[in-house]
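The values are calculated or read from the model by the stated rules, or taken from the named source; none is laboratory data. Predicted model only: the values in this text are computed from it and were never measured. Cβ atoms come from the backbone with ideal geometry, glycine included; neighbour counts cover every protein chain shown.
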Amino acid sequence: LVSRMRGFGTTIFAEMSQLAARTGSINLGQGFPDTDGPAAMLDRAVQAIGSGANQYPPGPGVPELRQAVSEHRAAHYGLSYDPDGEILVTVGATEAIATSVLALCEPGDEVIAFEPYYDSYAASIALAQARLVAVTMRPEAGRFTFDPAELRAAVTPRTRAILVNSPHNPTGTVFTRDELTSIAELCQEHGLIAITDEVYEHLTFDGVEHIPLATLPGMRERTVAISSAGKTFSVTGWKTGWVCAPPELVTAVQTVKQFTTYTASAPWQLAVAHGLRHELGWVAELRAALQDKRDRLMTGLAAAGFEVFKPAGTYFAQTDIRPLGFTDGFEFARRLPELAGVVAIPTEVFYDHPARGSHFVRFAFCKKEEVIDEAAARLKRLS
Ligand code: PMP
Ligand code: GLN
């Protein structure tokens, strides 16, 4: 293994899902739903396979999906992207993130990301031989946020991009317009690119709405916006994502993407096009159901003795384990199967400064009510 990838080992999601399987624990670790996406969309995938959509689709993605993504961005956010030249379909958001960083960052460039951050960011930046500069999000009045002065201080002459994930995994924060404005100002002052990971764009609660950074003045032309069908339609295994950006940026990303996968699987693309066009009512129901599940899990976690941070988006709840008498989230997560028959993710692994996150543990609530209730009952054993 090349030196720049040493230390990445096995991802925490694989490790914790294996732990859940081995111990028969309830898996509230890796974020994947335990129910399927909209039936008509699943049927569309079957139909696509049955009707010959089984050879290489065009490199940028099947035209139907690029058109549907374009219509979706316009309808929801008033953003206009040309399906021919400004939209690229990828193998999930993961490939979009990796190819964007590889296409846009030179060795030695710095990429700012907000920690705790989704684990693929550090690996993608390392592959590009660039450097991740972490700005820490901290709880303030029950919600994780960052200090704009700290963000400003993180910019150097080597800074190339800011990677923004909102709604934010793992804290559940949905960035406010003010937070986004402080990012946008820096991008414009210093000529930075924004790479926005918006995979949880539709999973927001209590009337909070996702604001794409590209909708802020001056940002569309410097933003690489990334999304994925996995979360929106509860099909994480379909690995169908996309990039929306100005032509020069999309061309750069596509140049790399040609040689990572060339193109993404055809049947899922046709089905996701159908989903974006016809199944957003289903997504509204998913969002309402997830809000109930969030409240159910939060009640259970609070009753078990955790401090819980109420997420405004995503399907993760962040907790502080110190009220339970624990300080080391890694040790806690590894012992949780034996202590309570539940698996969760130690948030510490998403930090460059692990000490800042060692007492946080993340629980997923994209699970059936009875699963959440059973997990909550088991977690009571901790108190
Ligand atoms: N970004 C974030 C913040 C995520 O939580 C995930 C999780 N799955 C991804 C990207 C990857 O998305 P995909 O499965 O579409 O590659
Ligand atoms: N995005 C999911 C999570 O954060 C899992 C993704 C993965 O397994 N790589 O839990």
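Results for (1) closer than 30 Å to V308 by Cα; (2) assigned by TED's automatic domain parsing to the domain that holds I195; (3) touching a Leu at 6+ places or on another chain (Cβ under 9 Å), shown as yes or no for each residue.
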| site | (1), (2), (3) |
| --- | --- |
| D82 | no, yes, no |
| P107 | no, yes, no |
| P116 | yes, yes, no |
| Q129 | no, yes, no |
| T145 | yes, yes, no |
| P157 | no, yes, no |
| I162 | yes, yes, yes |
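Within segment 238-272, the set of residues being part of a loop (DSSP other than H, G, I, E, B) and of a type outside the set (V, I, T) comprises K239, A245, P246, Y262, A264, S265. Pairing residues of segment 347-369 that are touching a residue at least 40 places away in the same chain (Cβ under 8 Å) and assigned by TED's automatic domain parsing to the domain that holds T10 with residues that are basic (K, R) and away from ligand 2 (no atom under 14 Å from the Cβ), at Cβ distances under 6 Å and at least 6 apart in sequence or on separate chains, gives F365/K293; F365/R294. Filtering I193, I226, I162, I211 for residues that are away from ligand 2 (no atom under 16 Å from the Cβ) and closer than 28 Å to V361 by Cβ leaves a single hit, I162. Among residues of segment 106-135 that are in contact (Cβ under 8 Å) with a residue 40 or more places away in the chain and surrounded by fewer than 21 Cβ atoms within 10 Å (Cβ to Cβ), those with a Cβ under 8 angstrom from a residue that is part of a helix (DSSP H, G or I) and of a type in the set (K, R), sequence gap 6+ or separate chain, pair up as A126/R4; L127/R4; Q129/R4.
What strands (runs of 3 or more DSSP E) lie completely within segment 63-160 and have 3 or more residues being among the β-branched types (V, I, T) and more than 24 Å from F13 (Cα to Cα)?
On the way: elements: 87-90, 110-115, 131-136, 138-140, 143-145.
Correct list: empty, since no element meets the threshold.
Would you be able to tell me the number of residues in segment 67-109 that are within 16 Å of ligand 1 (Cβ to nearest atom) and not aliphatic (A, V, I, L, M)? Steps first, please.
Quick first cut of segment 67-109, residues within 16 Å of ligand 1 (Cβ to nearest atom) only: 69, 72, 87-102.
Those left that are additionally not aliphatic (A, V, I, L, M): 72, 90, 92, 94-95, 99-100.
So the count comes out to 7.
Per-residue answers, yes or no, for (1) in the same structural domain as A377 (by TED's automatic domain parsing); (2) under 18 Å from the mean Cα position of the chain (by Cα); (3) within 10 Å of ligand 2 (Cβ to nearest atom); (4) within 20 Å of V342 (Cβ to Cβ):
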site	(1), (2), (3), (4)
I12	yes, yes, yes, yes
E15	yes, no, no, yes
L19	yes, no, no, yes
T23	yes, no, no, yes
I26	yes, no, no, yes
Q30	yes, yes, yes, yes
R44	no, no, no, no
G50	no, no, no, no
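Which of the numbered conditions does E71 fail, given that it passes all the others? Conditions: (1) assigned by TED's automatic domain parsing to the domain that holds E95; (2) without any contact (Cβ under 8 Å) to a residue 24 or more places away in the chain. Condition not satisfied by E71: (2).
Residue under question is D36, and the condition is that it be within 30 Å of T319 (Cα to Cα) and of a type in the set (D, E); does it hold? Considered against the rule, which asks whether it is within 30 Å of T319 (Cα to Cα) and of a type in the set (D, E), D36 comes out as yes.
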